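Peer 1: Take a look at this one; I'll ask things after.
The values are calculated or read from the model by the stated rules, or taken from the named source; none is laboratory data. Just so we're clear, the structure is a prediction, and the values are computed from it rather than from any experiment. Neighbour counts run over all protein chains shown; Cβ positions are idealised from the backbone, glycine included.
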Protein chains: 2
Amino acid sequence: MIAWKNLNQLAAFQALQQKNEKVDLTREMAGEAGAARVSRYQIPMAGGLTYVYAAKQVNDQILSGLSALAEEAQLAEKFQELYEGAVINTGEKRLVLHQLTRGQLGKAVVADGVDKRAFYVAQQEKIADFARKVHAGEIVNEKGEKFTTVTQIGIGGSDLGPRAMYLALVNGAKAQGSFRMEARFISNVDPDDAAEVLRSVDLAHTLFILVSKSGTTLETLTNEAFVKDALKNAGLNPARHMIAVTSETSPLASSSDYLAAFFMDDYIGGRYSSTSAVGCAVLSLAFGPEIFARFLQGAADADAMAKEADPLKNAAMLDALIGVYERNILGYPSTAVLPYSQALSRFPAHLQQLDMESNGKSVNRFGEPVDYATGPVIFGEPGTNGQHSFYQLLHQGTDIVPLQFIGFRKNQAGMDVNIQNSTSQQKLCANVAAQIMAFACGKQDENRNKHFAGNRPSSIIVGDQLTPEALGALLAHFENKVMFQGFLWNLNSFDQEGVQLGKVLAKKVLAHETDGALKVYSDLLNI
Amino acid sequence: MIAWKNLNQLAAFQALQQKNEKVDLTREMAGEAGAARVSRYQIPMAGGLTYVYAAKQVNDQILSGLSALAEEAQLAEKFQELYEGAVINTGEKRLVLHQLTRGQLGKAVVADGVDKRAFYVAQQEKIADFARKVHAGEIVNEKGEKFTTVTQIGIGGSDLGPRAMYLALVNGAKAQGSFRMEARFISNVDPDDAAEVLRSVDLAHTLFILVSKSGTTLETLTNEAFVKDALKNAGLNPARHMIAVTSETSPLASSSDYLAAFFMDDYIGGRYSSTSAVGCAVLSLAFGPEIFARFLQGAADADAMAKEADPLKNAAMLDALIGVYERNILGYPSTAVLPYSQALSRFPAHLQQLDMESNGKSVNRFGEPVDYATGPVIFGEPGTNGQHSFYQLLHQGTDIVPLQFIGFRKNQAGMDVNIQNSTSQQKLCANVAAQIMAFACGKQDENRNKHFAGNRPSSIIVGDQLTPEALGALLAHFENKVMFQGFLWNLNSFDQEGVQLGKVLAKKVLAHETDGALKVYSDLLNI
């Protein structure tokens, strides 16, 4: 029987609180004992990745406390409830099924009269068929010419995840001959966003993907109109240049305005779109369905490993537990994500949405206020760039920011240069290894300005190369981490009521139905 | 006489601490009193901008406390010390002169035997002359053809600021006929970064700018070699395709490897490079020297206004004081920067460096540990995109994150579309106005899941349009804000000792001089 309890009602959490011990990394990570610790504090992940948590402020005793917490919080059982179709999204009374886009983790889930795994697979096959026809020149523009560019129109989850995944795969695809079409993205309602993208593409050879689950997203419909105007002004027929990804019940689903429509449903939230029909369409068009299938496989493997009940064998679960330990026992308010891979330049922005929109909540899943901290602020930029920017604060600032590094042994494009006896890739990897130790151990210096206190905890996910499988595993790792943290905090991680009030007020402003301060701000902005 | 005291030694700060009053924005911003508050809590800025702080948790009494703090901390006097050439960068024993690139704010500053304002102007004129010759086809490639693209090789301040400024101006330049050359940027030592940029440019018509003050930055020299290899492989002469921006004493200064060299000096830190020769070269080549001059003028006007001693008439000073109030009295650990302008998409990344690298310190300017919080974590993304991402946490998370909005009445490109009786630009502006009020006042709801507590403070900088002048003013505003905060926290905001340790350890890894945990990490990454 599942019991949904607040974090601070759990005996295992209270025990951790009472212990309130702080592991001293400057000691734990030193010498041969430190070396042994790094070799021991590792968990294999899917996609050839490894989660190394040696530089986190944990020890065997704390890990055993976290294992007890995982058991008492029934993390594995709750995950099973989720993937077998329980109404985990209590606020909106919905199932939560994004993992089903990549595999069947438990018994079949039937909703709305259909087997949901079969539904997702059918959409993937429809999209694969469509993408192959576009690549083969069977689906073409008005003049019978091939499409060369695909441009996604969508915002939030219809933008951040798919865009981050596209950027993560494009260099590898180019190097390995699986690059099919360039992808661009229009998201912001700022008209300069669409104008700039449209100026940079060859409209006659561009296929647009309109993404809106409800078919009513203000920004997306506005940008659709913007794009259709541009197509018409160029003497092109919008209906020959646009497909829709939407829900079956949306007004876009059967419109003759689109070449084709592919379907998502209410059981996959926007921020979990990368493996749904949303990510499938743009990534299959850009790189071919085979690359997308490999990406799904990496995610499926990660999901399967996330079923493990022992957190010392389950990277996503342990990452979640350590994050809660840092937030609620050690009191750290933010977390930085630092991929040493330029291809992951927008991955932190995706995680920012995934994490902060899922767990940035003040009420539990029953709508009762919680009296402990929940989701942290998430931010990050790729290394080594960040080293020359905000790392100053991470090393010597007055607050401690836990760090999540990501690194790969090989680069994607295969081009490199050897300077001063090392390649660029080796320099990149040397820097991330060095940073972990600098943050953990610091350096004593009599000149306090050059003194590093250390004890700045980090983990690293290490892989061989950022392949489609590794990317899928990485994506699913963080989705599952955020899910487990939502279970620990007893939140509904799958709604986002916090975005509603702004929308309501913006409509009032546009209808000129404002008074008081809102009217003064509106006047100031000339609306 | 200037007295450099720690923040908590100041009587005015202690008085604010003792009062420890929390302004309730849900009351203060309501009704006609709220409207009056918005009209009153504004300060004109340079570049046609206005700083509106009505939705910050201040009132007349707190503002008067902050004014007393400004006076006791001698903010205006310290700024004067700085621009008249005192050794403000105590750690490195250097002057701090970035404001002199845009104007003479006080008496002449002579260092190393030259008038520094004259030196900066001379470099600007040399660069303007060079850029005009490139545009006119007088400086050309080996085949006598015009350069069409400029690619900057640099990292940290040689990348983030200039890149953010380029992106901020490019749409406007295209719309107004001042677009001259496309600019690209190579920064990361990850070889996939350089490979991708080089793949996307027409090498034969690309002019590279190598930026390194010391001429020894690892990432930059490595990427220079990468680019030179690519040029040679394409049968091109690197010396005909590359200029250097460096210090006069660097090995790059008089090398025959470069078409030309332009100079910076030790008195302008990397993160203050946008108005130095670094920003000057890439922006003058991209948009022409006239646009760069307008950008400088906006910054010069902002600097002149920052001399005002009364914080109620000095936007940068008041913004700094309110930030310290939020950090040290209200205890908020991070700040989000939210420009409602796609052109400012990388402005938050620039501010992240500017702020976190300047004030992420634990020792005061004399090297003594401080016992209060200093620089906050800074992050942000453009609106309306962020609304569909991390705003959930901002509205309903358990921590309060102070917000810095930026908005403009008009867009840059001049293209727009009218849907449901409003333009995209109006929708953009309506959203930012709505968000300010939603954050400040919240909304009572019996369903706690739909309840918004409000009292989430924000300010907004409003402008007519993101012109070169407005951008210069915006840049200088934040530079001056960060400077004033450094004075308040009694920090040296102009060094960055926190980045050194990682560099030292990375060199050890590359030389295979490691043991213990660092060796295990190095092996794991195959170095």
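Peer 1: It is to be established whether one or more residues within the stretch A:250-257 are assigned to a helix (DSSP H, G or I) and either closer than 30 Å to A:N480 by Cα or not hydrophobic (A, V, I, L, M, F, W, C) (or both). Please lay out each step first, then the result.
Peer 2: Let us first name the residues in the stretch A:250-257 that are assigned to a helix (DSSP H, G or I), namely none.
Within the stretch A:250-257, none of the residues are assigned to a helix (DSSP H, G or I) and either closer than 30 Å to A:N480 by Cα or not hydrophobic (A, V, I, L, M, F, W, C) (or both).
Peer 1: What is the one condition in (1) surrounded by fewer than 24 Cβ atoms within 10 Å (Cβ to Cβ); (2) without any contact (Cβ under 8 Å) to a residue 12 or more places away in the chain that B:A517 does not satisfy?
Peer 2: For B:A517, the failing item is (1).
Peer 1: Of the conditions (1) part of a strand (DSSP E or B); (2) touching a helix residue (DSSP H, G or I) at 6+ places or on another chain (Cβ under 6 Å), B:T151 fails just one. Which one is it?
Peer 2: Against the list (1) part of a strand (DSSP E or B); (2) touching a helix residue (DSSP H, G or I) at 6+ places or on another chain (Cβ under 6 Å), B:T151 comes up short only on (2).
Peer 1: Residues of the stretch A:423-463 being surrounded by 19 or more Cβ atoms within 10 Å (Cβ to Cβ), facing another protein chain (nearest Cβ under 8 Å) and of a type in the set (S, T, Y), which ones?
Peer 2: Selection gives A:S424 alone.
Peer 1: Moving to a separate point now. Determine the pairs where a residue that is more than 14 Å from B:Q57 (Cα to Cα) and aromatic (F, W, Y), located within the stretch B:4-23, has a partner that is modelled with pLDDT of 95 or more and part of a loop (DSSP other than H, G, I, E, B) with Cβ atoms under 7 Å apart, the partner being 6 or more residues away or on another chain.
Peer 2: Listed pairs, sorted by first residue: B:W4/B:R365; B:W4/B:N490.
Peer 1: Give the stretch A:481-504 a look and list any residue that's of a type in the set (A, V, I, L, M, F, W, C), in contact with a strand residue (DSSP E or B) (Cβ under 9 Å, 6 or more places away or on another chain) and facing chain B (nearest Cβ under 9 Å), or say none.
Peer 2: Kept after step one, since they are of a type in the set (A, V, I, L, M, F, W, C), are these residues of the stretch A:481-504: A:482-484, A:487-489, A:491, A:494, A:499, A:501, A:504.
In the following step, the residues that additionally are in contact with a strand residue (DSSP E or B) (Cβ under 9 Å, 6 or more places away or on another chain) were identified as A:491, A:494, A:501, A:504.
Passing the criteria: A:L501, A:V504.
Peer 1: For the stretch B:336-367, give me the residue count where each residue is free of Cβ contacts under 8 Å to residues at least 40 places away in the same chain and among the charged types (D, E, K, R).
Peer 2: Here the count works out to 0.
Peer 1: Is at least one residue of the stretch A:476-495 under 18 Å from A:I155 (Cβ atoms) and surrounded by fewer than 24 Cβ atoms within 10 Å (Cβ to Cβ)?
Peer 2: Filtering the stretch A:476-495 down to residues under 18 Å from A:I155 (Cβ atoms) leaves A:495.
Adding the requirement that they be surrounded by fewer than 24 Cβ atoms within 10 Å (Cβ to Cβ) leaves A:495.
Checking the stretch A:476-495: at least one residue is under 18 Å from A:I155 (Cβ atoms) and surrounded by fewer than 24 Cβ atoms within 10 Å (Cβ to Cβ).
Peer 1: Which residues, counting only those in the stretch A:386-417, are of a type in the set (V, I, T), in contact with a helix residue (DSSP H, G or I) (Cβ under 7 Å, 6 or more places away or on another chain) and at pLDDT 95 or above? Can you show your working first?
Peer 2: Restricting attention to the stretch A:386-417, the residues satisfying the condition of being of a type in the set (V, I, T) are A:398, A:400-401, A:406, A:417.
Those still in the list that are in contact with a helix residue (DSSP H, G or I) (Cβ under 7 Å, 6 or more places away or on another chain) too: A:401, A:406, A:417.
Listed by number, the residues that qualify are A:V401, A:I406.
Peer 1: Filter the stretch A:372-390 down to the residues that are facing chain B (nearest Cβ under 7 Å) and outside any loop (DSSP other than H, G, I, E, B), then identify the one that is farthest from A:F347 (Cα to Cα). Break it down into steps so the answer makes sense when it comes.
Peer 2: Filtering the stretch A:372-390 down to residues facing chain B (nearest Cβ under 7 Å) leaves A:373-375, A:377, A:379, A:381-382, A:384-385, A:387-390.
From what's left, outside any loop (DSSP other than H, G, I, E, B): A:377, A:379, A:385, A:387-388.
Values: A:V377: 15, A:F379: 10, A:N385: 15, A:Q387: 17, A:H388: 19 Å.
Ranking the qualifying residues of the stretch A:372-390, first place goes to A:H388.
Peer 1: Could you count how many residues in the stretch B:391-405 are more than 10 Å from chain A (Cβ to nearest Cβ) and in a helix (DSSP H, G or I)?
Peer 2: Within the stretch B:391-405, residues that are more than 10 Å from chain A (Cβ to nearest Cβ) and in a helix (DSSP H, G or I) number 0.
Peer 1: Could you list, in sequence order, the residues of the stretch A:45-104 that are of a type in the set (S, T, N, Q) and either touching a residue at least 60 places away in the same chain (Cβ under 8 Å) or within 14 Å of another protein chain (Cβ to nearest Cβ) (or both)? Explain how you work it out, then say what you get.
Peer 2: So in the stretch A:45-104, the residues of a type in the set (S, T, N, Q) come out as A:50, A:57, A:59, A:61, A:64, A:67, A:74, A:80, A:89-90, A:99, A:101, A:104.
Listed by number, the residues that qualify are A:T50, A:Q57, A:S67, A:Q74, A:Q80, A:N89, A:T90, A:Q99, A:T101.
Peer 1: If I go through the stretch A:307-326 residue by residue, how many of them are among the basic types (K, R) and over 20 Å from the mean Cα position of the chain (by Cα)?
Peer 2: Matching residues across the stretch A:307-326 total 1.
Peer 1: Let me ask something else about it. Could you please find all residues in the stretch A:342-364 being at the interface with chain B (Cβ under 7 Å from one of its Cβ atoms) and of a type outside the set (D, E)?
Peer 2: Narrowing the stretch A:342-364 to residues at the interface with chain B (Cβ under 7 Å from one of its Cβ atoms): A:342-343, A:349, A:352-353, A:356-357, A:360-363.
Correct list: A:Q342, A:A343, A:A349, A:Q352, A:Q353, A:M356, A:G360, A:K361, A:S362, A:V363.
Peer 1: Ok, one more. Checking B:S214 against (1) over 26 Å from the mean Cα position of the chain (by Cα); (2) farther than 22 Å from A:V432 by Cα: exactly one of these is not met. Which one?
Peer 2: (1)
Peer 1: With respect to the numbered conditions (1) under 30 Å from B:A343 (Cβ atoms); (2) part of a helix (DSSP H, G or I); (3) at the interface with chain A (Cβ under 10 Å from one of its Cβ atoms), which one is the sole condition not fulfilled by B:L466?
Peer 2: Failed condition: (2).
Peer 1: Continuing with this model, one more query. Scan the stretch B:55-87 residue by residue and report those that are within 30 Å of B:R294 (Cα to Cα) and in contact with a strand residue (DSSP E or B) (Cβ under 8 Å, 6 or more places away or on another chain). First the steps, then the outcome.
Peer 2: So in the stretch B:55-87, the residues within 30 Å of B:R294 (Cα to Cα) come out as B:75-87.
Hits for the stretch B:55-87 are B:G85, B:V87.
Peer 1: Hey, another quick one. Residues to consider are A:M437, A:M483; find the one that is within 16 Å of A:Y53 (Cα to Cα) and either part of a helix (DSSP H, G or I) or among the charged types (D, E, K, R) (or both).
Peer 2: Values: A:M483 fails: within 16 Å of A:Y53 (Cα to Cα).
Just one listed residue meets the conditions, A:M437.
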